[in-house]
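Each value in this text was obtained by applying a stated rule to the coordinates, not by laboratory testing. All values reported here derive from a predicted model rather than from experimental measurement. All Cβ positions, glycine included, derive from the backbone under ideal geometry; neighbour counts span all protein chains shown.
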Amino acid sequence: MNKKINTWLFLVLLLPWIVGFTIFGKELLTPDGDGSNLTGVILDDDVLNEDDMATGSTTYPPTQASVINYINALTLSENVRIDNYTMAEDNFGFWNAPFALTITAIAVRCHGTCSTPATIILEDGSGNAMTHNAVTVQSTDGSAAVFTPVTAANTMVEGELLRIDNTQVSQNPETDEYIITLKYTRN
């Protein structure tokens, strides 16, 4: 009896790993050459290419290029808090790009009295303004911040400084705290 169980376990559990396993016409395990290394799990007839990670391919394992393309396509975000931001701090450098990237949107929240909030424009470290509509500064905690798309002059190289230009000359008070959220993608 014990011998029958061991043989049955071998056939059901180990044999498919050695010779490959197919269910409903889909190859799940593919032996490599002599069958000692399994090279992948294929759940679809599709062949993985660089666009598959973004389009939901079911091939595993993905290629290195497809994983890199998938990561690069992700929208990342970063929050920066600036305390007591004043008009005197115009052209305020507040963030360095961690890698080559494209800024895609900005949202700003003001905490404090925020009677007349700062008018914020993104620019690179050389003072070149990025193209975006007027940024809505949200001052109500119960309301969602509004993301303003950044549409041009928005690429940065690794280590490049990102600054904000404050064009509000009558900002009041100058003791408010600002939270700036950036959305970006890797280049």
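How do the peptides 116-126, 130-140 rank, highest first, by the average count of neighbouring beta carbon atoms within 10 Å per residue? Present the calculation step by step, with values, prior to reporting the outcome.
Working: 116-126: 18.8, 130-140: 16.1.
The packing order, highest mean first, is 116-126, 130-140.
Check which residues have an amide H placed less than 5 Å from Ala105's amide H, if you skip close sequence neighbours.
Amide H neighbours of Ala105, under 5 Å, 5+ apart: Val150, Lys183.
To the nearest 20 debye, what is the magnitude of the charge dipole of region 75-186 about its Cα centre, counting +1 on the Cβ of each Lys and Arg and -1 on the Cβ of each Asp and Glu?
It works out to roughly 360 debye.
Just to check, using Stokes-Einstein with a Kirkwood Rh over alpha carbon pairs, what's the diffusion coefficient of region 59-187 at 20 °C and 1.002 mPa s in µm²/s?
Estimated via Stokes-Einstein, D reaches 138 µm²/s.
Mind ranking 83-93, 159-169 by how tightly packed they are, going by the mean number of other C-beta atoms within 10 angstrom, highest first? Display every interim value, and only then the final one.
Working: 83-93: 14.5, 159-169: 16.5.
Result, highest mean Cβ count within 10 Å first: 159-169, 83-93.
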